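What follows is a single structure, written as structure tokens, with notes after it.
The values are calculated or read from the model by the stated rules, or taken from the named source; none is laboratory data. Since this is a predicted model, take the numbers as computed values, not measurements. Quick reminder, even Gly has a Cβ in these numbers, built from the backbone with ideal geometry, and neighbours come from all protein chains shown. All accessible areas refer to the heavy atoms of the entire protein, side chains included, with ligands and DNA or RNA removed. Shrake-Rupley method; radii C 1.70, N 1.55, O 1.52, S 1.80 Å.
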Amino acid sequence: LSDRRVLIAGNWKMHGSLAAADAFAYRLGEHLADRAAPAELLVCPPATLLERLGSKLRPLKVGLGAQDCHAKPSGAFTGDIAAPMLPELGCRYVIVGHSERRQLHGEDDATVRAKAEAALAAGLTPIVCVGETEAQRESGAAESVVGTQLEGSLPSAGMLVVAYEPVWAIGTGKNATQADIAGMHGFLRRRLGERGTVTRILYGGSVKPQNAGEILGTSDVDGVLVGGASLQADDFWAIAAAAPAR
Ligand code: PEP
């Protein structure tokens, strides 16, 4: 079980400033001075804040991750960031295939897989995101959509994390039911079982301090990927505090 330690990951998306990063780390440090981390903690800020936030989180033993990387290790790709650039900023993880990248940047499964492979080659753990839209769930296609995404997006080997994030639950305040989460995570667990490595499966989509206990207590949920509620250290900490002991 130790390699399925609960992971509480924050995705700041395109939010934050140096001042906000400093305030976040300071406040999280106050919580960690009172109580040891109840789970593995990870924050994925925008690239502009990786160095600053990383320097403040390192002494707290809170992990640092990026929100995306390019599939190529270097080259003429203006505006992009290559996976090998991330570890020297202190990153150990990188999110790939977030639904906002898939929807707004047209990333398909093959792109996501190439990014995940690049992350692994750079020594990073990719957090590979999958999830169905509301229309797909309503038409009964959630499992087949997510199964197809998983098959197309996962690298052939290597240690990774999978995040199940129903698109309709991201940033909407809408929550999947505990039964829906358990069903999809069980499905993913069975699919991932064929890989032969231990893969943690996170849930994401409007996770808040109020619902974190129920979500983290759901079978086959190894942690959460938190957007909006990860921007405030008190909320992020309250979510982490809801993690069951493992
Ligand atoms: C996310 O960005 O991955 C996410 C789940 O966002 P939110 O928690 O704001 O729904």
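With 54, 65, 75 as the choices, which residue is assigned to a loop (DSSP other than H, G, I, E, B) and not hydroxyl-bearing (Ser, Thr, Tyr)? Give the derivation first.
Values: 54 fails: assigned to a loop (DSSP other than H, G, I, E, B); 65 fails: assigned to a loop (DSSP other than H, G, I, E, B).
Only one candidate qualifies: 75.
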Fill in: Where a residue in the range 11-31 is aliphatic (A, V, I, L, M) and its partner, wherever it lies, is assigned to a helix (DSSP H, G or I), with Cβ under 6 Å and at least six apart
18/52; 21/49; 21/52; 21/53; 25/56; 25/57; 28/233
Discussion item. Looking at 83, 71, 110, 116 in this structure, which one is more than 17 Å from the chain's Cα centre (by Cα), crowded, with 19+ Cβ neighbours inside 10 Å and touching a residue at least 40 places away in the same chain (Cβ under 8 Å)?
Written reply: 71
Worksheet item: Are any residues in the range 216-231 open to solvent by 10 Å² or more (accessible area, probe 1.4 Å) and within 12 Å of the ligand (Cβ to nearest atom), and if so, which ones?
Response: 227, 228, 231
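Output the number of residues of the range 152-166 satisfying the condition of being in a helix (DSSP H, G or I) and modelled with pLDDT under 95.
Of the residues in the range 152-166, the ones in a helix (DSSP H, G or I) are 152-153.
Narrowing the set further to residues that are modelled with pLDDT under 95 leaves none.
Qualifying residue count, the range 152-166: 0.
Please indicate, with yes or no, whether at least one residue in the range 169-177 is within 13 Å of the ligand (Cβ to nearest atom), in contact (Cβ under 8 Å) with a residue 24 or more places away in the chain and part of a helix (DSSP H, G or I). Even if it seems obvious, please write down each step before you answer.
Applying the first criterion (within 13 Å of the ligand (Cβ to nearest atom)) to the range 169-177 yields 169-176.
Still in the running and in contact (Cβ under 8 Å) with a residue 24 or more places away in the chain: 169-176.
Remaining after also requiring part of a helix (DSSP H, G or I): 169.
Yes - at least one qualifying residue is present in the range 169-177.
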Discussion item. Out of the residues in the range 189-203 meeting the condition of being assigned to a helix (DSSP H, G or I) and touching a residue at least 12 places away in the same chain (Cβ under 8 Å), tell me which one is nearest to residue 5 (Cα to Cα).
Written reply: 189
Worksheet item: Considering the range 147-176 alone, what residues qualify as being crowded, with 20+ Cβ neighbours inside 10 Å and charged (D, E, K, R)?
Response: 165
Item to complete: Considering only residues that are farther than 25 Å from residue 198 by Cβ and assigned to a helix (DSSP H, G or I), look in the range 122-143 and name the one that is most open to solvent (accessible area, probe 1.4 Å).
Response: 138
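In the range 17-62, which residues are over 26 Å from residue 246 (Cα atoms) and of a type in the set (Asp, Glu)? Steps first, answer last, please.
Start the filter on the range 17-62 by keeping residues that are over 26 Å from residue 246 (Cα atoms), which leaves 17-24, 26, 45-56.
Those that are over 26 Å from residue 246 (Cα atoms) and of a type in the set (Asp, Glu): 22, 51.
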Worksheet item: Is there a residue in the range 34-47 that is under 24 Å from residue 131 (Cβ atoms), open to solvent by 40 Å² or more (accessible area, probe 1.4 Å) and either modelled with pLDDT of 95 or more or in a helix (DSSP H, G or I) (or both)?
Response: yes
Discussion item. Can you report the number of residues in the range 2-21 which are open to solvent by 40 Å² or more (accessible area, probe 1.4 Å) and not basic (Lys, Arg)?
Written reply: 9
Worksheet item: For residue 77, which of the numbered conditions (1) more than 28 Å from residue 41 (Cβ to Cβ); (2) touching a residue at least 24 places away in the same chain (Cβ under 8 Å) fails to hold?
Response: (2)
Discussion item. Name the residue that is nearest to residue 55 (Cα to Cα), counting only residues in the range 85-114 that are touching a Gly at 6+ places or on another chain (Cβ under 7 Å) and within 16 Å of the ligand (Cβ to nearest atom).
Written reply: 93
